[in-house]
Amino acid sequence: MKVAQGWRFRCIDCGSEFDADPPGYACSRCSGLLEGVKDSGTFSRAELFGRPGEGIWRFRALLPFGPDVRPVSLNEGGTPLIKAVNISRELGVKNLHVKNEGQNPTGSFKDRGMTVSVTRAVQSGVRVLICASTGNTSASMSAYAARAGVTAAIIVPAGKVASGKMVQATAYGAAIIRVDGTFDDALSMLLQTIAGLPGFSGMNSVNPYRLEGQKSAAFEIYEQLGFSVPDYVVLPVGNAGNISAIWKGFKELREFGITEKVPRMVGVQAEGASPIARAFWKGSDTITPFESPSTIASAIRIGKPASGKKALAALRESNGMVLTVTDEEITAARRMLSSKEGIFVEPASAAPIAALKEIGNRLERDAVVVCVATGNGLKDQETILTNIEGTPLVSERSGLKDLLERLATRIVVPA
Ligand code: F0G
(Lines give C-alpha, C1' and ligand atoms only; values in the text may rest on other atoms or scores of the structure.)
Protein backbone atom coordinates (compact mmCIF):
# COMPACT_ATOMS: atom_id res chain seq x y z
CA MET A 1 0.00 0.00 0.00
CA LYS A 2 1.23 3.51 -0.89
CA VAL A 3 2.71 5.65 1.86
CA ALA A 4 0.87 8.91 2.52
CA GLN A 5 1.53 11.72 0.07
CA GLY A 6 4.73 13.60 0.86
CA TRP A 7 6.20 10.62 2.72
CA ARG A 8 8.50 7.74 1.86
CA PHE A 9 10.64 5.14 3.63
CA ARG A 10 14.41 5.14 3.41
CA CYS A 11 16.75 2.29 4.28
CA ILE A 12 19.28 3.45 6.87
CA ASP A 13 21.88 1.07 5.40
CA CYS A 14 21.73 1.28 1.60
CA GLY A 15 19.63 4.45 1.20
CA SER A 16 16.99 2.80 -1.03
CA GLU A 17 13.71 4.64 -0.96
CA PHE A 18 10.19 3.20 -1.06
CA ASP A 19 6.89 4.91 -1.69
CA ALA A 20 4.87 1.89 -0.52
CA ASP A 21 5.17 -0.21 2.65
CA PRO A 22 7.71 -2.97 1.86
CA PRO A 23 6.75 -6.48 3.00
CA GLY A 24 7.81 -7.09 6.60
CA TYR A 25 8.86 -3.45 6.89
CA ALA A 26 12.45 -4.29 5.96
CA CYS A 27 14.41 -2.91 3.02
CA SER A 28 13.62 -5.21 0.11
CA ARG A 29 17.17 -4.69 -1.29
CA CYS A 30 19.35 -5.29 1.78
CA SER A 31 16.96 -6.09 4.68
CA GLY A 32 18.10 -2.95 6.50
CA LEU A 33 15.95 -0.90 8.89
CA LEU A 34 13.60 1.64 7.38
CA GLU A 35 12.93 5.18 8.48
CA GLY A 36 10.00 7.44 7.62
CA VAL A 37 11.02 10.55 5.69
CA LYS A 38 8.77 13.53 5.11
CA ASP A 39 9.30 15.97 2.26
CA SER A 40 11.08 19.03 3.50
CA GLY A 41 9.18 22.14 4.50
CA THR A 42 8.54 24.32 7.52
CA PHE A 43 5.83 24.49 10.14
CA SER A 44 4.90 27.19 12.57
CA ARG A 45 4.62 26.23 16.20
CA ALA A 46 0.87 26.79 16.02
CA GLU A 47 0.52 24.39 13.10
CA LEU A 48 2.11 21.57 15.03
CA PHE A 49 0.84 22.31 18.53
CA GLY A 50 -2.49 23.98 17.89
CA ARG A 51 -4.74 20.91 18.25
CA PRO A 52 -4.80 19.89 21.92
CA GLY A 53 -7.11 17.12 23.07
CA GLU A 54 -6.40 14.55 20.37
CA GLY A 55 -3.61 12.59 22.05
CA ILE A 56 -0.68 12.03 19.74
CA TRP A 57 -2.96 12.55 16.71
CA ARG A 58 -2.79 16.28 17.30
CA PHE A 59 0.65 16.02 15.67
CA ARG A 60 -0.87 14.75 12.43
CA ALA A 61 1.13 17.32 10.47
CA LEU A 62 4.20 15.15 11.16
CA LEU A 63 2.54 11.73 10.90
CA PRO A 64 2.48 9.68 7.67
CA PHE A 65 -1.29 9.81 7.11
CA GLY A 66 -3.69 11.90 5.08
CA PRO A 67 -6.34 13.99 6.84
CA ASP A 68 -9.11 11.44 6.18
CA VAL A 69 -7.64 8.55 8.21
CA ARG A 70 -9.60 7.39 11.27
CA PRO A 71 -7.15 6.50 14.02
CA VAL A 72 -7.44 3.39 16.15
CA SER A 73 -6.93 5.34 19.34
CA LEU A 74 -7.31 5.06 23.10
CA ASN A 75 -6.29 8.69 23.57
CA GLU A 76 -2.62 7.92 24.14
CA GLY A 77 0.03 10.55 24.82
CA GLY A 78 -0.52 13.76 26.74
CA THR A 79 1.30 12.27 29.73
CA PRO A 80 2.47 14.55 32.55
CA LEU A 81 5.94 16.01 32.84
CA ILE A 82 6.59 16.20 36.55
CA LYS A 83 9.30 18.32 38.14
CA ALA A 84 11.13 16.00 40.52
CA VAL A 85 11.68 18.48 43.32
CA ASN A 86 12.34 16.02 46.14
CA ILE A 87 15.16 13.96 44.67
CA SER A 88 16.89 16.56 42.58
CA ARG A 89 19.41 17.57 45.24
CA GLU A 90 20.35 13.98 46.00
CA LEU A 91 20.93 13.36 42.30
CA GLY A 92 22.80 16.62 41.85
CA VAL A 93 20.43 17.76 39.10
CA LYS A 94 18.64 21.04 39.78
CA ASN A 95 16.23 20.95 36.85
CA LEU A 96 15.03 17.38 36.80
CA HIS A 97 11.75 16.35 35.15
CA VAL A 98 10.09 12.98 34.80
CA LYS A 99 7.92 12.27 31.74
CA ASN A 100 5.49 9.77 33.20
CA GLU A 101 4.71 7.45 30.32
CA GLY A 102 3.14 4.97 32.75
CA GLN A 103 -0.02 7.07 32.44
CA ASN A 104 -0.66 5.96 28.89
CA PRO A 105 -3.78 3.80 28.28
CA THR A 106 -1.99 0.48 28.78
CA GLY A 107 0.62 1.88 31.14
CA SER A 108 3.62 2.35 28.87
CA PHE A 109 5.03 4.52 26.07
CA LYS A 110 4.31 1.72 23.59
CA ASP A 111 0.79 3.08 23.11
CA ARG A 112 2.14 6.14 21.28
CA GLY A 113 3.57 3.94 18.55
CA MET A 114 0.91 1.26 18.60
CA THR A 115 -1.93 3.63 17.75
CA VAL A 116 -0.01 4.55 14.59
CA SER A 117 1.14 1.09 13.48
CA VAL A 118 -2.26 -0.47 14.19
CA THR A 119 -4.05 2.33 12.35
CA ARG A 120 -1.83 1.64 9.36
CA ALA A 121 -2.31 -2.13 9.53
CA VAL A 122 -6.07 -1.78 9.69
CA GLN A 123 -6.01 0.72 6.83
CA SER A 124 -4.13 -1.92 4.80
CA GLY A 125 -6.77 -4.57 5.55
CA VAL A 126 -4.63 -6.69 7.90
CA ARG A 127 -6.60 -9.05 10.18
CA VAL A 128 -3.88 -10.44 12.48
CA LEU A 129 -1.38 -8.39 14.43
CA ILE A 130 1.65 -10.08 15.87
CA CYS A 131 4.66 -9.16 17.99
CA ALA A 132 7.40 -10.62 20.15
CA SER A 133 7.68 -8.87 23.46
CA THR A 134 9.16 -8.51 26.90
CA GLY A 135 5.62 -7.56 27.91
CA ASN A 136 4.66 -3.97 27.24
CA THR A 137 4.54 -4.15 23.45
CA SER A 138 2.31 -7.19 23.72
CA ALA A 139 -0.01 -5.53 26.26
CA SER A 140 -0.29 -2.46 24.10
CA MET A 141 -0.76 -4.29 20.81
CA SER A 142 -3.44 -6.52 22.34
CA ALA A 143 -5.42 -3.49 23.51
CA TYR A 144 -5.29 -1.74 20.13
CA ALA A 145 -6.15 -4.97 18.32
CA ALA A 146 -9.20 -5.31 20.58
CA ARG A 147 -10.14 -1.73 19.82
CA ALA A 148 -9.80 -2.35 16.07
CA GLY A 149 -11.64 -5.68 16.16
CA VAL A 150 -8.70 -7.70 14.78
CA THR A 151 -6.79 -10.69 16.17
CA ALA A 152 -3.71 -10.26 18.37
CA ALA A 153 -1.03 -12.94 18.63
CA ILE A 154 1.84 -12.36 21.03
CA ILE A 155 5.08 -14.28 21.37
CA VAL A 156 6.82 -14.02 24.71
CA PRO A 157 9.84 -15.61 26.37
CA ALA A 158 8.40 -18.23 28.73
CA GLY A 159 8.59 -17.26 32.39
CA LYS A 160 10.37 -13.99 31.68
CA VAL A 161 7.54 -11.46 31.46
CA ALA A 162 6.20 -9.55 34.48
CA SER A 163 2.83 -10.99 35.47
CA GLY A 164 0.92 -7.69 35.18
CA LYS A 165 1.74 -7.58 31.49
CA MET A 166 0.56 -11.15 30.92
CA VAL A 167 -2.64 -10.28 32.77
CA GLN A 168 -3.16 -7.36 30.41
CA ALA A 169 -2.66 -9.43 27.24
CA THR A 170 -5.06 -12.05 28.59
CA ALA A 171 -7.68 -9.44 29.48
CA TYR A 172 -7.49 -7.87 26.02
CA GLY A 173 -8.03 -11.30 24.49
CA ALA A 174 -4.70 -11.99 22.76
CA ALA A 175 -3.56 -15.43 21.64
CA ILE A 176 -0.43 -16.05 23.71
CA ILE A 177 2.47 -18.18 22.47
CA ARG A 178 5.45 -18.80 24.75
CA VAL A 179 8.94 -19.44 23.45
CA ASP A 180 11.42 -21.53 25.32
CA GLY A 181 14.22 -18.96 25.07
CA THR A 182 14.98 -15.27 25.34
CA PHE A 183 13.13 -12.28 23.89
CA ASP A 184 15.79 -12.19 21.17
CA ASP A 185 14.98 -15.79 20.24
CA ALA A 186 11.27 -14.94 20.15
CA LEU A 187 11.79 -11.90 17.92
CA SER A 188 14.10 -13.62 15.46
CA MET A 189 11.75 -16.64 15.21
CA LEU A 190 8.85 -14.27 14.59
CA LEU A 191 10.60 -12.20 11.92
CA GLN A 192 11.77 -15.29 10.06
CA THR A 193 8.35 -16.93 10.22
CA ILE A 194 6.07 -14.08 9.19
CA ALA A 195 8.22 -13.21 6.19
CA GLY A 196 6.51 -16.07 4.33
CA LEU A 197 3.03 -15.76 5.83
CA PRO A 198 0.57 -13.34 4.27
CA GLY A 199 -2.10 -11.68 6.43
CA PHE A 200 0.08 -11.05 9.49
CA SER A 201 1.44 -7.63 10.28
CA GLY A 202 4.42 -7.31 12.63
CA MET A 203 4.08 -4.67 15.34
CA ASN A 204 7.62 -4.67 16.75
CA SER A 205 9.58 -1.45 16.52
CA VAL A 206 11.30 -2.53 13.29
CA ASN A 207 7.93 -1.42 11.91
CA PRO A 208 8.77 2.23 11.22
CA TYR A 209 5.18 3.39 11.84
CA ARG A 210 5.75 2.60 15.52
CA LEU A 211 8.59 5.10 15.73
CA GLU A 212 6.54 7.77 13.98
CA GLY A 213 4.10 7.59 16.89
CA GLN A 214 6.73 7.34 19.60
CA LYS A 215 8.51 10.46 18.41
CA SER A 216 5.54 12.44 19.79
CA ALA A 217 7.10 12.21 23.27
CA ALA A 218 9.75 14.67 22.04
CA PHE A 219 7.09 17.14 20.87
CA GLU A 220 5.30 16.97 24.21
CA ILE A 221 8.48 17.40 26.25
CA TYR A 222 9.34 20.52 24.22
CA GLU A 223 5.84 21.91 24.74
CA GLN A 224 5.69 21.05 28.45
CA LEU A 225 8.99 22.78 29.12
CA GLY A 226 7.37 25.98 27.82
CA PHE A 227 8.49 25.47 24.21
CA SER A 228 12.06 24.81 25.22
CA VAL A 229 14.37 21.92 24.37
CA PRO A 230 15.97 20.13 27.36
CA ASP A 231 19.72 19.67 27.59
CA TYR A 232 19.50 15.93 28.25
CA VAL A 233 16.88 13.25 27.67
CA VAL A 234 17.65 10.11 29.68
CA LEU A 235 15.83 6.85 28.94
CA PRO A 236 16.15 3.08 29.27
CA VAL A 237 17.27 1.23 26.16
CA GLY A 238 16.29 -2.32 25.28
CA ASN A 239 15.42 -3.09 21.67
CA ALA A 240 16.40 0.54 20.98
CA GLY A 241 13.28 1.77 19.19
CA ASN A 242 12.37 4.46 21.67
CA ILE A 243 15.68 6.31 21.81
CA SER A 244 15.66 6.31 18.01
CA ALA A 245 12.08 7.62 17.92
CA ILE A 246 12.53 10.41 20.48
CA TRP A 247 15.71 11.53 18.77
CA LYS A 248 13.84 11.58 15.44
CA GLY A 249 11.18 13.77 17.06
CA PHE A 250 13.70 16.35 18.24
CA LYS A 251 15.50 16.29 14.90
CA GLU A 252 12.22 16.94 13.09
CA LEU A 253 11.44 19.91 15.33
CA ARG A 254 14.72 21.37 14.13
CA GLU A 255 14.37 20.27 10.53
CA PHE A 256 10.90 21.76 10.14
CA GLY A 257 11.95 25.10 11.54
CA ILE A 258 10.44 25.00 15.02
CA THR A 259 13.61 24.75 17.12
CA GLU A 260 17.34 25.27 16.69
CA LYS A 261 18.69 23.18 19.51
CA VAL A 262 18.49 19.41 20.08
CA PRO A 263 19.08 17.57 23.36
CA ARG A 264 21.85 15.13 24.15
CA MET A 265 20.39 11.64 24.28
CA VAL A 266 21.49 9.50 27.21
CA GLY A 267 20.60 5.82 26.99
CA VAL A 268 20.72 3.57 30.02
CA GLN A 269 21.08 -0.21 29.90
CA ALA A 270 21.17 -2.84 32.60
CA GLU A 271 24.72 -4.07 33.06
CA GLY A 272 23.74 -7.67 32.23
CA ALA A 273 22.05 -6.62 28.98
CA SER A 274 24.20 -3.82 27.62
CA PRO A 275 25.33 -4.59 24.07
CA ILE A 276 24.77 -1.02 22.88
CA ALA A 277 26.83 0.45 25.72
CA ARG A 278 29.65 -1.94 24.87
CA ALA A 279 29.67 -1.00 21.19
CA PHE A 280 29.32 2.72 21.97
CA TRP A 281 32.29 2.92 24.33
CA LYS A 282 34.42 0.79 22.01
CA GLY A 283 33.62 3.23 19.21
CA SER A 284 32.37 0.30 17.17
CA ASP A 285 29.48 0.11 14.70
CA THR A 286 29.10 -3.59 15.34
CA ILE A 287 26.82 -4.56 18.19
CA THR A 288 27.93 -7.91 19.58
CA PRO A 289 24.90 -9.67 21.08
CA PHE A 290 24.64 -10.74 24.73
CA GLU A 291 23.57 -14.36 24.33
CA SER A 292 22.11 -14.70 27.84
CA PRO A 293 21.00 -11.22 28.86
CA SER A 294 20.23 -10.94 32.53
CA THR A 295 18.65 -8.23 34.68
CA ILE A 296 15.78 -7.72 37.10
CA ALA A 297 14.42 -5.17 34.59
CA SER A 298 12.67 -7.73 32.38
CA ALA A 299 11.43 -5.07 29.91
CA ILE A 300 14.98 -4.37 28.79
CA ARG A 301 16.40 -7.89 29.15
CA ILE A 302 17.49 -7.81 25.53
CA GLY A 303 20.79 -8.98 24.12
CA LYS A 304 20.37 -8.32 20.41
CA PRO A 305 18.65 -4.97 19.94
CA ALA A 306 16.79 -4.83 16.63
CA SER A 307 17.16 -1.06 16.28
CA GLY A 308 20.68 -0.94 17.70
CA LYS A 309 22.07 0.79 14.64
CA LYS A 310 19.56 3.61 14.87
CA ALA A 311 20.32 4.00 18.57
CA LEU A 312 24.07 4.28 17.98
CA ALA A 313 23.38 6.97 15.40
CA ALA A 314 21.11 8.85 17.86
CA LEU A 315 23.78 8.68 20.56
CA ARG A 316 26.56 9.86 18.30
CA GLU A 317 24.65 12.53 16.37
CA SER A 318 23.31 14.04 19.59
CA ASN A 319 26.70 13.98 21.30
CA GLY A 320 25.10 11.73 23.89
CA MET A 321 26.20 8.65 25.75
CA VAL A 322 24.97 5.31 27.03
CA LEU A 323 25.48 4.22 30.62
CA THR A 324 25.01 0.96 32.47
CA VAL A 325 23.48 0.35 35.89
CA THR A 326 23.33 -2.70 38.14
CA ASP A 327 20.16 -4.41 39.35
CA GLU A 328 20.82 -3.11 42.87
CA GLU A 329 21.04 0.43 41.55
CA ILE A 330 17.82 -0.01 39.57
CA THR A 331 15.98 -1.34 42.61
CA ALA A 332 17.20 1.51 44.84
CA ALA A 333 16.28 4.12 42.21
CA ARG A 334 12.83 2.62 41.78
CA ARG A 335 12.26 2.86 45.53
CA MET A 336 13.57 6.42 45.58
CA LEU A 337 11.22 7.57 42.81
CA SER A 338 8.15 6.01 44.39
CA SER A 339 8.83 6.83 48.04
CA LYS A 340 10.13 10.37 47.49
CA GLU A 341 8.24 11.60 44.44
CA GLY A 342 5.14 9.40 44.39
CA ILE A 343 5.97 8.11 40.91
CA PHE A 344 5.77 4.33 40.78
CA VAL A 345 7.54 2.83 37.80
CA GLU A 346 8.58 -0.61 36.68
CA PRO A 347 12.26 -1.56 37.12
CA ALA A 348 13.41 -0.64 33.58
CA SER A 349 11.94 2.82 33.98
CA ALA A 350 14.04 3.50 37.08
CA ALA A 351 17.30 2.92 35.20
CA PRO A 352 17.65 6.61 34.20
CA ILE A 353 17.34 7.71 37.83
CA ALA A 354 19.94 5.11 38.80
CA ALA A 355 22.26 6.49 36.12
CA LEU A 356 21.78 10.05 37.32
CA LYS A 357 22.85 8.99 40.80
CA GLU A 358 26.20 8.25 39.21
CA ILE A 359 26.59 11.15 36.81
CA GLY A 360 24.06 13.80 37.91
CA ASN A 361 26.57 16.00 39.68
CA ARG A 362 28.93 15.88 36.72
CA LEU A 363 26.43 17.54 34.38
CA GLU A 364 26.35 21.33 33.93
CA ARG A 365 24.81 22.95 37.04
CA ASP A 366 21.75 24.38 35.33
CA ALA A 367 21.20 21.58 32.86
CA VAL A 368 17.55 20.76 32.16
CA VAL A 369 17.24 16.99 32.37
CA VAL A 370 14.21 14.90 31.39
CA CYS A 371 14.01 11.25 32.46
CA VAL A 372 11.52 9.13 30.57
CA ALA A 373 9.62 6.87 32.98
CA THR A 374 8.60 4.34 30.38
CA GLY A 375 6.24 1.99 32.24
CA ASN A 376 3.87 1.84 35.21
CA GLY A 377 5.04 0.18 38.44
CA LEU A 378 1.85 -1.85 38.82
CA LYS A 379 2.87 -4.02 35.88
CA ASP A 380 5.80 -5.51 37.72
CA GLN A 381 4.75 -6.35 41.25
CA GLU A 382 6.75 -9.49 41.87
CA THR A 383 10.00 -7.52 42.10
CA ILE A 384 8.78 -5.58 45.14
CA LEU A 385 9.07 -7.32 48.47
CA THR A 386 5.90 -6.78 50.47
CA ASN A 387 5.14 -7.94 53.97
CA ILE A 388 1.45 -7.25 54.24
CA GLU A 389 1.02 -10.04 56.82
CA GLY A 390 3.56 -8.30 59.01
CA THR A 391 1.63 -5.01 59.18
CA PRO A 392 -0.71 -4.27 62.14
CA LEU A 393 -4.22 -5.68 61.92
CA VAL A 394 -6.90 -4.07 64.10
CA SER A 395 -10.44 -5.19 64.84
CA GLU A 396 -11.66 -2.37 67.08
CA ARG A 397 -11.35 1.39 67.47
CA SER A 398 -9.26 1.32 70.63
CA GLY A 399 -6.61 -0.71 68.86
CA LEU A 400 -6.55 1.80 66.04
CA LYS A 401 -6.33 4.74 68.47
CA ASP A 402 -3.44 3.12 70.26
CA LEU A 403 -1.56 2.59 67.02
CA LEU A 404 -2.20 6.13 65.80
CA GLU A 405 -1.02 7.60 69.12
CA ARG A 406 2.22 5.69 68.83
CA LEU A 407 2.57 6.78 65.22
CA ALA A 408 1.97 10.42 66.17
CA THR A 409 5.07 10.38 68.38
CA ARG A 410 7.09 9.57 65.25
CA ILE A 411 5.57 12.34 63.12
CA VAL A 412 7.66 15.44 62.82
CA VAL A 413 5.37 18.44 62.32
CA PRO A 414 7.01 21.00 60.05
CA ALA A 415 7.64 24.34 61.79
N1 F0G B 1 11.08 0.59 29.17
C2 F0G B 1 10.05 -0.27 29.13
C3 F0G B 1 9.08 -0.24 30.26
C4 F0G B 1 9.92 -1.17 28.06
O5 F0G B 1 8.89 -2.02 28.02
C6 F0G B 1 10.88 -1.17 27.03
C7 F0G B 1 10.80 -2.10 25.92
C8 F0G B 1 11.92 -0.24 27.12
C9 F0G B 1 11.99 0.62 28.20
C10 F0G B 1 12.97 -0.14 26.08
O11 F0G B 1 12.47 0.43 24.93
O12 F0G B 1 12.98 -1.40 23.36
O13 F0G B 1 12.40 0.86 22.54
O14 F0G B 1 14.58 0.44 23.66
N15 F0G B 1 9.98 -3.07 25.84
C16 F0G B 1 9.78 -3.91 24.66
C17 F0G B 1 8.57 -4.79 24.83
C18 F0G B 1 10.98 -4.56 24.15
O19 F0G B 1 8.49 -5.85 24.21
O20 F0G B 1 7.66 -4.39 25.55
P21 F0G B 1 13.16 0.07 23.52
State whether the residues of the stretch 174-195 include one that is over 30 Å from VAL368 (Cβ atoms), more than 15 Å from the ligand (Cβ to nearest atom), under 20 Å from the mean Cα position of the chain (by Cα) and of a type outside the set (D, E, K, R). no
For the stretch 332-361, pairs from a residue that is without any contact (Cβ under 8 Å) to a residue 40 or more places away in the chain to a residue that is open to solvent by 70 Å² or more (accessible area, probe 1.4 Å), with Cβ under 6 Å and 6 or more apart or across chains, are SER338/PHE344
Subset of the stretch 114-142, residues within 10 Å of the ligand (Cβ to nearest atom) and part of a loop (DSSP other than H, G, I, E, B), comes to SER133, THR134, GLY135
Out of (1) closer than 23 Å to ARG10 by Cβ; (2) open to solvent by 20 Å² or more (accessible area, probe 1.4 Å), the odd one out for ASN319 is which? (1)
Which ones in the stretch 100-110 are away from the ligand (no atom under 11 Å from the Cβ) and within 20 Å of ALA350 (Cβ to Cβ)? ASN100, GLN103
Within the stretch 358-415, which residues are assigned to a helix (DSSP H, G or I), more than 30 Å from GLY77 (Cβ to Cβ) and among the β-branched types (Val, Ile, Thr)? ILE388
Would it be correct to say that ILE276 is more than 22 Å from HIS97 (Cα to Cα), open to solvent by less than 10 Å² (accessible area, probe 1.4 Å) and not basic (Lys, Arg)? yes
Name every residue in the stretch 372-403 that is farther than 30 Å from TYR232 by Cβ, of a type in the set (A, V, I, L, M, F, W, C) and surrounded by 10 or more Cβ atoms within 10 Å (Cβ to Cβ), in order of residue number. VAL394, LEU400, LEU403
All strands (runs of 3 or more DSSP E) inside the stretch 1-106 with 2 or more residues being under 30 Å from GLU358 (Cα atoms): 81-83, 95-100
Checklist (1) open to solvent by 10 Å² or more (accessible area, probe 1.4 Å); (2) in contact with a Phe, Trp or Tyr (Cβ under 8 Å, 6 or more places away or on another chain); (3) farther than 22 Å from GLY213 by Cβ applied to PRO157, failing item: (1)
Among (1) closer than 22 Å to ASN136 by Cβ; (2) charged (D, E, K, R); (3) more than 14 Å from the ligand (Cβ to nearest atom), where does LYS357 come up short? (1)
GLN168: part of a helix (DSSP H, G or I) and open to solvent by 60 Å² or more (accessible area, probe 1.4 Å), yes or no? no
Matching option when the condition is basic (Lys, Arg) and closer than 13 Å to ALA84 by Cα, among LYS379, LYS340: LYS340
Conditions: (1) within 21 Å of the chain's Cα centre (by Cα); (2) over 13 Å from LYS379 (Cβ atoms); (3) open to solvent by 10 Å² or more (accessible area, probe 1.4 Å). GLY125 meets all but one. Number of the miss? (1)
Can you name every residue in the stretch 179-200 that is among the small types (Gly, Ala, Ser) and either in a loop (DSSP other than H, G, I, E, B) or open to solvent by less than 10 Å² (accessible area, probe 1.4 Å) (or both)? GLY181, ALA186, ALA195, GLY196, GLY199
Considering each of GLY66, GLY50 in turn, give the residue that is of a type outside the set (A, V, I, L, M), modelled with pLDDT under 95, under 13 Å from GLN5 (Cα atoms) and open to solvent by 20 Å² or more (accessible area, probe 1.4 Å). GLY66
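Residue-wise test of (1) aliphatic (A, V, I, L, M); (2) under 27 Å from THR383 (Cβ atoms).
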residue: TYR222; (1), (2): no, no
residue: GLY226; (1), (2): no, no
residue: PHE250; (1), (2): no, no
residue: TRP281; (1), (2): no, no
residue: THR288; (1), (2): no, no
residue: GLU291; (1), (2): no, yes
residue: GLU317; (1), (2): no, no
residue: VAL325; (1), (2): yes, yes
What do you reckon, is ALA408 open to solvent by less than 100 Å² (accessible area, probe 1.4 Å) and closer than 26 Å to VAL268 by Cβ? no
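The values are calculated or read from the model by the stated rules, or taken from the named source; none is laboratory data. As the structure is a computational prediction, the values presented were derived from the model and not from experiment. Please note: Cβ atoms are built from the backbone with ideal geometry, for glycine as well, and neighbour counts cover all protein chains shown. Remember, those area values only see protein heavy atoms, side chains included, never the ligands or the DNA or RNA. Shrake-Rupley method; radii C 1.70, N 1.55, O 1.52, S 1.80 Å.
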